[in-house]
Amino acid sequence: MNMQKKTILCVDDDKDDLFMLRDALHEIGGTYEIVEASDGIEALDILQQMKAANNLPCLVVMDINMPRMDGKQTLVALQKDEQLASLPVVVFTTSSSMLDKTFCAAKKVDMITKPFDYATLFEVAQRLLQYCN
């Protein structure tokens, strides 16, 4: 039986959001390693390293609004890579813009608006973990 931890890559420039999401994911339990990146450039670097190590994450959770390389640019780059294109990606953002929703729908990724309370965040974390099973 493979007891290797499943990895989730969380990409967000907001340290508080990363902390709260990591906390909610850990509270649910399970053997998940949370790897963090603060923007798309860092995320793509990490994904290339993971690809080389043959240890891709079971899920990428990514914000849209980030410096250097935003979530949309990152998603486009990710989907151009044959191996990375099959990764489940969830856009987790404060945005409620129709343009962002349309973009995510066109790219076939779920978009979840960041909740304002911990109970809702906990429900979102449970939903996110379903991608890893």
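Worth pointing out:
- Accessible surface area normalised per residue over the chain is 55 Å², counting heavy atoms of protein chains with a 1.4 Å rolling probe.
- Prolate/oblate/rounded label for region 1-63 (Cα gyration tensor, a/c 1.5): oblate
- Applying a 4.7 Å Cβ-Cβ cutoff to the chain leaves Cys10, Cys104 as cysteine residues with no disulfide-compatible partner.
- Here the gap between Gln130 and Val35, fully extended at 0.36 nm per residue and compared with their Cα-Cα distance, gives a gain of 32.4 nm.
- Sum of -39500 (n - 2.57) over DSSP H runs of 4+, divided by residues of the chain (222 nm, nearest 500): -13500 deg cm²/dmol
The values are calculated or read from the model by the stated rules, or taken from the named source; none is laboratory data. This structure is a prediction, so every number in the text was calculated from the model and none was measured. Ideal geometry is used to build each Cβ from the backbone, glycine not excepted, and the neighbour counts take in all protein chains shown. When the accessible area is computed, the model is the full protein with side chains, heavy atoms only, and any ligands, DNA or RNA have been set aside. Shrake-Rupley method; radii C 1.70, N 1.55, O 1.52, S 1.80 Å.
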